[in-house]
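Quick notes on the structure that follows.
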Amino acid sequence: MEPQTNQGCYNILMIHQSIEPYVYSPLEPPSLNLNNLPKEFDLIIDGHIHTNHYKKTQDTTFIIPGSTIVTQLKKEEAEKPKGFYKLKLPEKKLDFINLENTRKFFYKEIHLENDKTIHENIEDELNKILNQKFKKLPIIKLKIFGKHSDIINKEIKELEKKYQEKSILKISTQLESDEIKQKLDLLKKMREEKLSLEEMGIQILKKNLDNLKFNKSFDAENIFKLLSDGSTQKAFDIITKRQSTLQTKGDWWKK
């Protein structure tokens, strides 16, 4: 756009962009960085990003005021206050004004401990936060990490209901078992090797058969082809040895 400044004036450029390193979302790569911005302006104001930032580069000041309310329940929104910037001219004085009556937002990550129950882990953290006085119900986002596979939505709903009169509570989980981790590692490896969907399917089948000690009993690739074609009964007969296999040029399978 090549924006132009006016000589003898205090020049402000206002934009609404995702700028590196202030990334809005991993799914939305920034198209600009600070070095792309014009240096002639006294003040550059950017929207789009919901947390406030301040950066001074030579004679130019770059600010992101951020949103005045919590919008995305992300960790960085709990770490920075909500407010706005106040610019006073001709002094060129720029101050960030905290909003006093905004709803408090807490973001906590909980790594489950084996010697405590799920409820104990979560309620201990909640009680630390709620042991304060608030003008408005606080927003609390809990992210649960661990290898417990026994956490179910019912338990989370019960906790959210229990604390609904004291807070606006949101609980999310990032849980994994050793079995799930192994499967994710396998899928990641196959993706890096750029295998086709059919090749991925065969690899997963071989891996599962190997874990079940089935790998020497029959040809996994032929079984996969039968399953892909919908010939599940024939595949079942071969797996259970009701039918033996013989691959020929004209006919894959013969009794």
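The values are calculated or read from the model by the stated rules, or taken from the named source; none is laboratory data. Since the model is a prediction, treat every value here as computed from it, not as a measurement. Glycine gets a Cβ as well: all are built from the backbone with ideal geometry, and neighbour counts include every protein chain shown.
Among the residues in the stretch 2-9, are any among the β-branched types (Val, Ile, Thr) and in contact with a strand residue (DSSP E or B) (Cβ under 8 Å, 6 or more places away or on another chain)?
Within the stretch 2-9 (the criterion being among the β-branched types (Val, Ile, Thr) and in contact with a strand residue (DSSP E or B) (Cβ under 8 Å, 6 or more places away or on another chain)), the answer is no, since none of the residues qualifies.
Going by the structure shown, is Thr68 more than 22 Å from the chain's Cα centre (by Cα) and assigned by TED's automatic domain parsing to the domain that holds Lys170?
Spelling it out, it is not the case that Thr68 is more than 22 Å from the chain's Cα centre (by Cα) and assigned by TED's automatic domain parsing to the domain that holds Lys170.
State which residue is modelled with the lowest pLDDT when the search covers only the stretch 10-36 and only residues that are surrounded by 13 or more Cβ atoms within 10 Å (Cβ to Cβ) and under 20 Å from Leu94 (Cα atoms).
The qualifying residue modelled with the lowest pLDDT is Leu34.
Has the stretch 84-102 got any residue that is farther than 30 Å from Asn11 by Cβ, surrounded by 13 or more Cβ atoms within 10 Å (Cβ to Cβ) and either of a type in the set (A, V, I, L, M) or in contact (Cβ under 8 Å) with a residue 24 or more places away in the chain (or both)?
Looking for residues that are farther than 30 Å from Asn11 by Cβ, surrounded by 13 or more Cβ atoms within 10 Å (Cβ to Cβ) and either of a type in the set (A, V, I, L, M) or in contact (Cβ under 8 Å) with a residue 24 or more places away in the chain (or both), one finds at least one in the stretch 84-102, hence yes.
What tally of residues in the stretch 23-46 results from selecting those that are assigned to a loop (DSSP other than H, G, I, E, B), in contact with a Ser or Thr (Cβ under 9 Å, 6 or more places away or on another chain) and under 30 Å from Ser172 (Cβ atoms)?
Here the count works out to 4.
Would you mind telling me which numbered condition in (1) surrounded by 13 or more Cβ atoms within 10 Å (Cβ to Cβ); (2) in the same structural domain as Tyr85 (by TED's automatic domain parsing); (3) not hydrophobic (A, V, I, L, M, F, W, C) Thr5 fails?
Answer for Thr5: the failing condition is (2).
Being among the β-branched types (Val, Ile, Thr), within 27 Å of Ser172 (Cα to Cα) and buried (at least 17 other Cβ atoms within 10 Å of the Cβ) narrows it down to one of Thr51, Thr61, Thr68, so name that one.
Going through Thr51, Thr61, Thr68 in turn, just one is among the β-branched types (Val, Ile, Thr), within 27 Å of Ser172 (Cα to Cα) and buried (at least 17 other Cβ atoms within 10 Å of the Cβ): Thr51.
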